[in-house]
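Notes follow once the structure below has been shown.
The values are calculated or read from the model by the stated rules, or taken from the named source; none is laboratory data. Predicted, not measured: the structure shown is a model, and the values here were computed from it. Backbone-built Cβ (ideal geometry, glycine too); neighbour counts: all protein chains shown.
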Amino acid sequence: MDVSLAYRHEGYYWRGAIGQIWRIPEKYFDTHDVIPFSGGKIHVPNEHEDYLTFIYGDWKTPKQDHDPVHDDGSRYCRLKEWSEKNRS
């Protein structure tokens with residue numbers, strides 16, 4: 001399970017972890033879909049297949065060398081880059 005804090009700003013949910021900043025369009029989390037799973041039902045992001053494509057690209061084809069930091073479609077930039085760019 002991956003748990004992180006996020007905040008909503010200008011149409012995105014933003015989060016930071018391991019020296020990176022990620023942003024995910026709010027449309028995926030403002031509502032949710034319910035799908036069958038293992039004999040029950042689970043809540044998943046709205047437009048879940050589009051969300052998986054946003055995060056992983058071609059998520060239906062296994063990628064042996066997947067890098068969970070650099071290959072994540074929601075990765076915005078390194079925290080250090082953002083901090084330097086946004087200094088007052």
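Taking (1) surrounded by 15 or more Cβ atoms within 10 Å (Cβ to Cβ); (2) not in a loop (DSSP other than H, G, I, E, B) in turn, Asp72 satisfies each apart from (2). Any idea which of Ile21, Ile42, Ile35 is under 28 Å from Lys85 (Cα atoms) and of a type in the set (Val, Ile, Thr)? Residue meeting the stated conditions: Ile21.
Considering the stretch 53-64, and only residues there that are of a type in the set (S, T, N, Q) and either in contact with an Asp or Glu (Cβ under 8 Å, 6 or more places away or on another chain) or in a loop (DSSP other than H, G, I, E, B) (or both), the residue that is farthest from Lys85 (Cα to Cα) turns out to be Thr61.
Restricted to the stretch 12-52, and to residues there that are polar (S, T, N, Q) and touching a residue at least 12 places away in the same chain (Cβ under 8 Å), the residue that is surrounded by the most Cβ atoms within 10 Å (Cβ to Cβ) is Gln20. Between Asp33, Asp50, the distinction of being touching a strand residue (DSSP E or B) at 6+ places or on another chain (Cβ under 8 Å) and outside any loop (DSSP other than H, G, I, E, B) belongs to Asp33 only.
To keep it simple, each residue is scored yes or no on (1) among the small types (Gly, Ala, Ser); (2) at pLDDT below 85.
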{"position": "Gly16", "(1), (2)": "yes, yes"}
{"position": "Tyr28", "(1), (2)": "no, no"}
{"position": "Asp65", "(1), (2)": "no, no"}
{"position": "Val69", "(1), (2)": "no, yes"}
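Which one is nearest to the chain's Cα centre (by Cα), of the residues in the stretch 1-11 that are surrounded by fewer than 11 Cβ atoms within 10 Å (Cβ to Cβ) and in a strand (DSSP E or B)? Out of the qualifying residues, it is Tyr7.
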